[in-house]
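To start, the structure itself, in structure tokens.
The values are calculated or read from the model by the stated rules, or taken from the named source; none is laboratory data. Remember, it's a predicted structure, so these values are computed and weren't measured experimentally. When we count neighbours, we look across all protein chains shown, and the Cβ atoms used for this are built from the backbone with ideal geometry, even at glycine. Areas reflect the complete protein model, heavy atoms only, side chains present, ligands, DNA and RNA absent. Shrake-Rupley method; radii C 1.70, N 1.55, O 1.52, S 1.80 Å.
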Amino acid sequence: MDGYDDAMIARGPTLSDDGTAVTGSMHTVDLPDAAAARAFAYDEPFAKAGAYDDIIVRRCRNAMQRTMWEFDGDPETNQRFLIIGHGKPDMSDTRDALLEDHRRYFIENGYQEKFIVRGPLWSDDGSAWVGSEFVIELADRAAVDTFLADEPYTNAGLYEHV
């Protein structure tokens, strides 16, 4: 991992709902292409040891333009959540039409300053939207559900599952 310090945007373990068990790991890394991302993912020590049932590699855009280490949060009061919205096929045009509503929702509802990292997920060649990544700091899982309940992409049915 030390070899990727300059490319790392966010990383950390994923936990069970009660926070007592590690369920996996997430890494958002600025790498030159899909081949480099796959090499990173499959050469990661836990991956090599067979610790993961699945490895998901997605191209993304860092909409926050910062790393998690630049985020001024409140981890003493809040919890951090990884939310991945897996997009339904062929939803790029609908996503584009809702983009301004999506962004406005974050600002008007006070979520913008709670995002550690967020951005769209893309097909390997960058031609199609395939979902969204949110790493957000909120009070609890109920607050995550509230966030998702009125989020424009969720309401429009863009996600296969979240």
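For the reader, a short list of remarks on this structure follows.
- Note on the range 85-109: among residues that are without any contact (Cβ under 8 Å) to a residue 60 or more places away in the chain and open to solvent by less than 40 Å² (accessible area, probe 1.4 Å), the one that is nearest to Pro152 (Cα to Cα) is His102.
- Condition met for Ala143 (open to solvent by less than 30 Å² (accessible area, probe 1.4 Å), of a type outside the set (Phe, Trp, Tyr) and in a helix (DSSP H, G or I)): yes
- Of all the residues in the range 1-53, those that are in a strand (DSSP E or B) and either small (Gly, Ala, Ser) or under 17 Å from the mean Cα position of the chain (by Cα) (or both) number 15.
- Top-ranked residue in the range 3-57 [being in contact (Cβ under 8 Å) with a residue 24 or more places away in the chain and hydroxyl-bearing (Ser, Thr, Tyr); ranked as most open to solvent (accessible area, probe 1.4 Å)]: Tyr4
Let's see how each residue does on (1) touching a Phe, Trp or Tyr at 6+ places or on another chain (Cβ under 7 Å); (2) of a type outside the set (S, T, N, Q); (3) under 25 Å from Val22 (Cβ atoms):
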{"position": "Gln65", "(1), (2), (3)": "no, no, no"}
{"position": "Met68", "(1), (2), (3)": "no, yes, yes"}
{"position": "Gly73", "(1), (2), (3)": "no, yes, yes"}
{"position": "Glu76", "(1), (2), (3)": "no, yes, yes"}
{"position": "Phe81", "(1), (2), (3)": "no, yes, yes"}
{"position": "His86", "(1), (2), (3)": "yes, yes, yes"}
{"position": "Leu99", "(1), (2), (3)": "no, yes, no"}
{"position": "His102", "(1), (2), (3)": "yes, yes, no"}
{"position": "Tyr105", "(1), (2), (3)": "no, yes, no"}
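- Failed item in (1) at pLDDT 95 or above; (2) closer than 27 Å to Asp5 by Cβ; (3) out of contact with any Ser or Thr (no Cβ under 7 Å at 6 or more places or on another chain), with Phe106 passing the rest: (2)
- Condition met for Thr67 (among the β-branched types (Val, Ile, Thr) and within 19 Å of Val162 (Cβ to Cβ)): no
- Residue within the range 112-119 that is farther than 29 Å from Ala36 by Cα, in contact with an Asp or Glu (Cβ under 6 Å, 6 or more places away or on another chain), open to solvent by 20 Å² or more (accessible area, probe 1.4 Å) and not hydrophobic (A, V, I, L, M, F, W, C) present: yes
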